[in-house]
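**Q** First the structure, which I've put down as structure tokens, then a few questions once you've had a look.
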Amino acid sequence: MWEFSELLAHTFGLPSELALALLDLHGPEDTRVIAQRGELVAGLMLERVGQVWGQRVVPTALISGVAVRLHARRQGLAGHLLRSSLADMREAGMATAVLYASNDAMYRSMGFEHAGLSLTVSAPPAAFARPGQVERLPVVRLKDPLPARRLYHRSMVHQDGALDRGEAGWATIAGEHLESVSEWIALPGPDNELRGYLCYRLTGVGPDRRATITDFVATDADAVATLQAVVSRMGPLVSEVRLNTSPDDLLWWGLTHPLGPPLRAQPWLLRVLDPARAISSWGFSSSISGQLSVRWRDPLFPEDDGDHELVVDRGRGRWQPGGAGTLPLSPRPLAALLTGRANARTLRLSGTGRWSEEQDALLDGIFARRDAWMRDRF
Ligand SMILES: CC(C)(COP(=O)(O)OP(=O)(O)OC[C@H]1O[C@@H](n2cnc3c(N)ncnc32)[C@H](O)[C@@H]1OP(=O)(O)O)[C@@H](O)C(=O)NCCC(=O)NCCS
């Protein structure tokens, strides 16, 4: 553990205690390493969670902290570690795997494809003030985040890409392994439940003092306006509010734009590990029904290869052996189609998909374009 934490700290520029805490959160069974001649040279972390697609939760493995010592790079170690981890996660019942990529060539060569984009933005607190905005409802400070977790769980189904977080995810939101622990501000609702909450952390001193909002959920318009007003009053001691967001994030929506360029735009990629499990757990658009005869090929899991019918009926999908196999499909284009990141024409013209022009319409008839996002960083 200690050796891998030191590799993580060195590779990603993390404080050593933070790297150790991250490993602790994942636990030994979801930490994979390679040693050569007694030295730890490569490692990664895994976490089993769920991810929301079309109001359903798809079992998903999160992959993070992929690191190889400098002297051991380009020998295939990361590839080996990733392939064996993907096989284990598939065996454990995960339908997909998701990661943030700093190097998409490597992950694409293993069947991952772009699925969404996470933005980190920064704005002064006053930018969150809306004309005529008043804090309409009383807010409280939560000592126990449990009601916030329940509210998140109820509302996450409305956001494609949202994670059904595990303990490591919640610990990251709460900053449990960081020096400055997060605060929770909430709007109480009926029956001991909440109408909304925000979780934030303060860091830096003097003019660099900043608030980082790690989570935000609101379930009615007054709750949104109230929590926006709370953020707008974080100045003058806080000069900057940081937020992991997307253009249709409720906290971000309705602000006066443009606010300047995002600090960071980070793509996240998804790999289909098991097409039958992914299709049957996915939430398709309920107004869509259709059928495709697919010829599936996955170099990593050839046991699934062959002709299949992909059937979608009233929002539910099935993947059954048989059919004429007229449309060639593989993990990368299927990831982009399921997540709605790109349409069939884009995938065909970029060489990601190898079907004919006439088949574009068949695919677009089943897979709707959508914008998915994750607030979580892992
Ligand atoms: C990225 C990293 C993990 C790769 O480790 P590695 O052991 O050198 O990778 P491998 O030798 O197993 O290469 C795997 C594949 O990725 C490709 N690849 C590896 N590094 C690459 C790079 N910097 N740019 C483009 N492709 C790369 C290889 O060509 C290989 O592809 P192939 O199987 O089609 O030939 C390593 O360089 C590292 O630790 N980097 C710093 C941390 C980091 O960026 N981690 C990724 C976080 S998302």
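The values are calculated or read from the model by the stated rules, or taken from the named source; none is laboratory data. For clarity, every value in this text was computed on a predicted model and none was experimentally measured. Reconstructed Cβ throughout: ideal geometry from the backbone, glycine too, with neighbour counts over all protein chains shown.
**Q** I'm trying to understand the selection: among the residues of the range 59-104, which are surrounded by fewer than 18 Cβ atoms within 10 Å (Cβ to Cβ) and over 19 Å from Ala42 (Cα atoms)?
**A** Glu91, Ala92, Gly93
**Q** So Gly283 clears everything in (1) buried (at least 20 other Cβ atoms within 10 Å of the Cβ); (2) within 26 Å of the chain's Cα centre (by Cα); (3) not acidic (Asp, Glu) except one condition, right? Which one?
**A** Looking at each condition in turn, Gly283 falls short on (1).
**Q** Related question: Being of a type in the set (Val, Ile, Thr) and not in a strand (DSSP E or B) is the filter here; which residues of the range 97-151 pass it?
**A** The answer is Val134, Val139.
**Q** So, one more: Within the range 289-298, count every residue that is in a loop (DSSP other than H, G, I, E, B) and out of contact with any Pro (no Cβ under 9 Å at 6 or more places or on another chain).
**A** 1
To keep it simple, each residue is scored yes or no on (1) surrounded by 15 or more Cβ atoms within 10 Å (Cβ to Cβ); (2) more than 17 Å from Val98 (Cβ to Cβ); (3) not assigned by TED's automatic domain parsing to the domain that holds Ile173.
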| site | (1), (2), (3) |
| --- | --- |
| Trp296 | yes, yes, yes |
| Arg314 | no, yes, yes |
| Thr352 | yes, yes, yes |
| Glu357 | no, yes, yes |
| Arg375 | yes, no, yes |
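**Q** Something else about it: So which pairs qualify, if the first residue must be in the range 299-325 and at positive phi, the second must be among the aliphatic types (A, V, I, L, M) and assigned to a strand (DSSP E or B), the Cβ gap must be under 8 Å, and the two must be at least 6 apart or on different chains?
**A** Close Cβ pairs satisfying both conditions: Gly323/Val294; Gly325/Val294.
**Q** Here is a further query. Across the range 22-64, what is the total count of residues that are in contact (Cβ under 8 Å) with a residue 60 or more places away in the chain, part of a strand (DSSP E or B) and under 22 Å from Leu178 (Cβ atoms)?
**A** Total meeting the criteria: 4.
**Q** Within the set of pairs 6+ apart or on separate chains, which have a first residue in the range 66-81 that is more than 6 Å from the ligand (Cβ to nearest atom), a second that is small (Gly, Ala, Ser), and C-beta atoms under 9 Å apart?
**A** What qualifies is Arg69/Ala42; Ala72/Ala42; His80/Ala42; Leu81/Ala42; Leu81/Gly43.
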